[in-house]
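What follows is a single structure, written as structure tokens, with notes after it.
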Amino acid sequence: MNDHDPPAVPARRPRPADPADRPARLAVGVVGAGRVGAPLAAALTLAGHHVVAASGVSDASRRRAEELLPGVPLTTPQDVIARSDLALLTVPDDALPDLVAGLAATGALKPGQLLVHTSGRFGVSVLDEAARAGALPLALHPVMTFTGTAVDVQRLVGCSFGVTAPEVLRPVAEALVVEMGGEPEWIDESARPLYHVALANGANHLVTLVAQSRDLLAAAGVRAPDRMLGPLLGAALDNALRAGDLALTGPVARGDAGTVAAHVSELRRVAPQALAAYIAMARLTADRALTAGLLKPEAAEALLDVLAEGGA
């Protein structure tokens, strides 16, 4: 194998029950032992790789490393890179370009070294400086929210990963994902921003909407908002994933302008900070219901008039 050949990664196969049944193959380093880095490194350990070093400056990062990567030394990012065949860059999106530039400028990177980032936003172009130094760039984004605990390792089983890599490294990238228990989904470099906004819009805004609904139910005197919302939201999510817009229900999809007007009035009185979001989502819901043929144009007109007045 010359300096620029990718390290050999075995073909896809199930994990053995005992990691000792499989010898370690790659020395893995983690730059940023945060909520994502530590669980991914733990998953690679289960696959038979050997985590040799990690970096992390916060107390939380150190605790995660102690829990999920026992015995792994915490050191500098440069030292992590020096020790590893495969380096995981699991830092916030905005910090990634500067980290890569710094590693390339200091000469820390080694030809033939796998350099993996987990950002959803970026493809492999963010690793261009590292690639020019001989590193082998991979973007492996796990489509999951992380707690930074051992439960994340189990949640990786069946989790989709957005994978972007040079074509020659595609088998390596996909095999690593499978070894962590995930399912690789190929994302073109040019599609990464759209891919990421789709995920953030769904997952992050879902949390905001659910938390807001809990607050409003509590204000209405409901003693267990979570118990009330759980079955409803679980069914709504399942229906939406199965049927898309055809799963829309409620006053907006039905064109009940009077009910929506009452909602607007109550939110203005009780939770004005939630009103703008309600109006924006109601307008988007009306548009999609119209397109899907669920909402009649004449009903939509009255509904949109109410929303326009409510947002004035």
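Each value in this text was obtained by applying a stated rule to the coordinates, not by laboratory testing. Source: prediction; values computed, not measured. Backbone-built Cβ (ideal geometry, glycine too); neighbour counts: all protein chains shown.
Structural remarks
- Pairs of Cα atoms farther than 27 Å apart, region 19-187, %: 14
- Label-point separation in nm, HIS50 to ARG223, each point 7 Å along Cα→Cβ: 5.8
- Degrees separating the helix 37-46 axis from the principal Cα axis of the chain, which is the longest one: 60
- Exposure proxy order (Cβ contacts within 10 Å, fewest to most) of LEU99, LEU114: LEU99, LEU114
- Per the Debye calculation on the chain with a single equal scatterer at every Cα and no solvent contribution, log₁₀ I(q)/I(0) for q = 0.09, 0.12, 0.15 Å⁻¹ amounts to -0.59, -0.87, -1.10.
- For the chain, share of DSSP beta bridges that run antiparallel, in % to the nearest 5: 15
- Sites ARG170 and ASN201, calculated FRET efficiency, Cβ-Cβ separation with R0 25 Å, nearest 0.05: 0.35
- Shown for MET228, MET144, MET180: other C-beta atoms within 10 Å of each C-beta, ranked fewest to most, produce the order MET228, MET144, MET180.
- Placing dummy labels 7 Å off each Cα toward the beta-carbon, the span from ARG132 to THR249 is 5.7 nm.
- Cα→Cβ-extended label distance, 7 Å offset, between GLN273 and SER213, nm: 2.0
- Considering only region 19-187, percent of DSSP beta bridges that pair antiparallel, nearest 5: 15
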